[in-house]
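The values are calculated or read from the model by the stated rules, or taken from the named source; none is laboratory data. As the structure is a computational prediction, the values presented were derived from the model and not from experiment. We place every Cβ from the backbone using ideal geometry, glycine too, and count neighbours over all the protein chains shown.
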Ligand code: NAP
């Protein structure tokens, strides 16, 4: 028996079975029966091989609640809610802080795994805690933001703790006061183009939505997982040791005195813009994104990504890391 596994990359993939968990007790029962199950939301940040040998469990619980606590509003959302629907829900109730994260594809439960971020805001800044089911015994555990081990587009659940927990809900702290984050030139320019000088959170969300629609392929029409590579974060010492070609590239100050480089620019300048492998291709309007032009397999994406990484490394001495998780495909060695 095998069943199709939907994913936003639109690669054809099957698993032994695909089951849905609409409640906590259903999820616990599924994990008890299939502790090896691959837990997914919408498959918006995964590269899948043509066959996943085990069971895939789709998180489908629903519900959003709000509560006043210590002068702020805490919003608790089930993992099966759509992320953008949560952003809209909060904006519609005058709860601010998620507007820069508008239109990010995927479900709420996937958001903490890669600590979603955009335009100067990341989930870690808003998350108070999350609840997750431990796969080994079905226990429901609460993690504070600190215990989630958040990093740049990363968390403990994606790295050291991968496969050990299934997120069932997250709690965010939002504000009724408007405090727009306008650090990114794209956002400021878009607001300017909209004729807005004193932006409300709704204006910021509208600007972010317009930018994303223009720059990024809509996963409902063109298969993609958003960024396929993380923007490299390196220390000042590492930056000084890079070849001349790399030191001239765009770099932004990151945490702890580190520097964040633009993976899109590295890929572009390494000459990978028109690169393809089968139906997998670099998206010309944003080279950080790989798209399925039709019929691409997960392996095509990994082969293309391996080629891009090798070119970037040869030209700039920088190793790009993949952002999506990879299942059912042997990663190709680079050395
Ligand atoms: P961009 O705005 O052209 O920025 C390119 C790079 O410069 C990114 O590494 C970005 O860091 C950094 N950067 C730009 N302005 C900065 C500032 N004022 N301070 C600090 N760092 C700055 O990037 P883009 O590719 O069009 O994406 C726009 C935003 O959406 C970015 O935040 C990006 O991370 C996010 N995004 C995420 C995904 C995803 O799937 N994860 C997909 C598309 C876009 P950051 O990456 O830290 O912002």
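Every condition in (1) more than 16 Å from the ligand (Cβ to nearest atom); (2) in contact with a helix residue (DSSP H, G or I) (Cβ under 9 Å, 6 or more places away or on another chain); (3) under 30 Å from residue 38 (Cα atoms) is met by residue 282 except one, and the failing one is (1). For residue 207, indicate whether it is within 28 Å of residue 291 (Cβ to Cβ), more than 15 Å from the ligand (Cβ to nearest atom) and either modelled with pLDDT of 95 or more or assigned to a helix (DSSP H, G or I) (or both). Considered against the rule, which asks whether it is within 28 Å of residue 291 (Cβ to Cβ), more than 15 Å from the ligand (Cβ to nearest atom) and either modelled with pLDDT of 95 or more or assigned to a helix (DSSP H, G or I) (or both), residue 207 comes out as no. In a residue-by-residue description of segment 212-230, the property of being within 16 Å of the ligand (Cβ to nearest atom), assigned to a helix (DSSP H, G or I) and in contact with a helix residue (DSSP H, G or I) (Cβ under 6 Å, 6 or more places away or on another chain) applies to no position. Taking (1) assigned to a loop (DSSP other than H, G, I, E, B); (2) more than 16 Å from the ligand (Cβ to nearest atom); (3) more than 27 Å from residue 290 (Cα to Cα) in turn, residue 180 satisfies each apart from (2). Of the numbered criteria (1) farther than 27 Å from residue 320 by Cβ; (2) within 16 Å of the ligand (Cβ to nearest atom), the one residue 154 fails is (1).
Taking the criterion of being closer than 15 Å to residue 319 by Cα and assigned to a helix (DSSP H, G or I), the residues of segment 231-244 that qualify are 238, 239. Note on segment 247-279: residues that are away from the ligand (no atom under 15 Å from the Cβ), touching a strand residue (DSSP E or B) at 6+ places or on another chain (Cβ under 8 Å) and in a strand (DSSP E or B) total 1.
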